[in-house]
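Each remark here refers to the structure printed beneath this line.
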Amino acid sequence: MADVRHIRRRRPDDDLEAVDSPASALRRAAKGDEAAFGEFYDMTQRRIFGVVLRVVRDRSLAEEITQEVYVEIWRLAPRFDQQRGSAVSWATTVAHRRAVDRVRSEQSRRDREDRQHVTPVVVPDPVGDVVTDQLDNTRVHSALATLSESQREAVSLAYFSGYTYREVAAVLELPEGTVKTRIRDGLIRLRDHFGVTP
Amino acid sequence: MTNDLHHLAAAYALDALDDTERDDFETHYPTCSICSQEVADFHVTASVLAGSAASDAPEHLRTGVLTAIAEVRQVAPIVAPNQDNSAVTNDVADLARHRQRDQRLGRRSQWLLPLMASAAAVVVAVLTTVAILDSRTAPDSFAEVLAAPDAIVTTVVGEAGALQVVWSRDQDRVAVFGNNVADLDPETTFELWFVLDDGSVAKAGLFQSSDGVVRKTWMTEDHDAVGFGVTVEPAGGSAQPTSDIIYLGDVAQTTN
């Protein structure tokens, strides 16, 4: 059989060949191997729980969502191997989206309850604050340093506060188009810095 | 508006679109190779960013997760179809049928071609060059499937990038195109599979890349496919996949 490895390789976060990579653990979990899923959990829980907690802020809610996320990943694991990209990236995407959706539905419930508070009062929460007290963040840190302050702020509010770009625009009192551009330019710069593009 | 959509990949990957825009974009991006590539890249970027917020989950959560999954059934994997020894005879019959239809369509194409139906207008706009180029080698068939009113464009993605599959059930045709595809050695071929609702697959046809470029259209059987997948098979193709699926994509649901 032909060597297809050369066309299915290469993502920064998981080496498909390595026995103990998240992708490898997930592939074994896809065959119903619960212990392998435990390994996958161990390798990814810091990132998954971390990002969920950052978005929702509330620890017990973050735990609840994180559990839902892992159950969902378990359920879909047999379809993952063939799917796009890195296992870590996929899991993070599932986690972030679920966290954001939860925050938003909670927000709209509160908005309905309390008409006076239409716009959320927010304290901008730059990524940089958190970055400094983490261990393995040199990569993210140096990447963020390449962004302009305004790009960093827009990306951070969108991703870690779970705001829509329109909400980011409202918070920063900027036109929506400006915010959209800053998010895009910022993410392109990060992408290039991380070497994501093949 | 449509123009705008192309600039939403970053905000989408950060989950920073409201529901309406998210829906719009999710309808759009699988049909747009640039946007799908951006979404994939930005998701990875966001995931790296997420690492900066890393924080240990409490120990009991691990137990909770492992207890919970023990009671959750996993989705069916994508598997090869049942052994079907009528496949070979079917293939022969189909070939004959398709030859006839090829000839019919060949005649029809003179008047079909100008009918660049609105459903495929976007695709046609993007791919006009492709179609023109292709029409030199395979007269009309490529342009024809692109122009089919019921043509559905599916982006199949994998580690290696993305391919576009255009499928017209009315014409029983599939077209595949892509760039930057890793060429295979001559003993092997790409094989396209219909992915069916139950997770099984049915063969859709073979294609090759040349200098990284794929441009091919052919007749296919009709299937209620929910997706397309691509594997690498020995030259001549296989009746069922013998290797991992390297590209995969869902067929967009249509309303007609």
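List the accessible area buried at the contact between A and B, summed over both sides and calculated with a 1.4 Å probe, in Å² to the nearest 100.
Counting protein atoms only, the buried area is about 6800 Å².
Using a Förster radius of 35 Å, what is the FRET efficiency between B:His6 and A:Glu113 based on their Cβ-Cβ separation? Nearest 0.05, please.
0.40
Over all residues in A:61-70, what is the mean tally of Cβ atoms on other chains that come within 10 Å of each residue's Cβ?
4
What ³J(HN,Hα) values, in whole Hz, does the Karplus curve 6.51 cos²θ - 1.76 cosθ + 1.60 give for the stretch A:24-32 when θ = phi - 60°, with x put for Gly and Pro?
5, 4, 5, 5, 5, 4, 5, 8, x
Between B:Ser200 and residues 5 or more places away or on another chain, which pairs have amide H atoms under 5 Å apart, with H built 1.01 Å from N, and which residues are they?
It is B:Val79, by chain and number.
The values are calculated or read from the model by the stated rules, or taken from the named source; none is laboratory data. Note that the structure is predicted; figures quoted are calculated from it, not measured. FYI the Cβ positions are ideal-geometry reconstructions off the backbone, even for glycines, and counts take in every protein chain you see. Just so you know, the surface numbers come from the protein's heavy atoms only, side chains and all, with ligands and any DNA or RNA stripped out. Shrake-Rupley method; radii C 1.70, N 1.55, O 1.52, S 1.80 Å.
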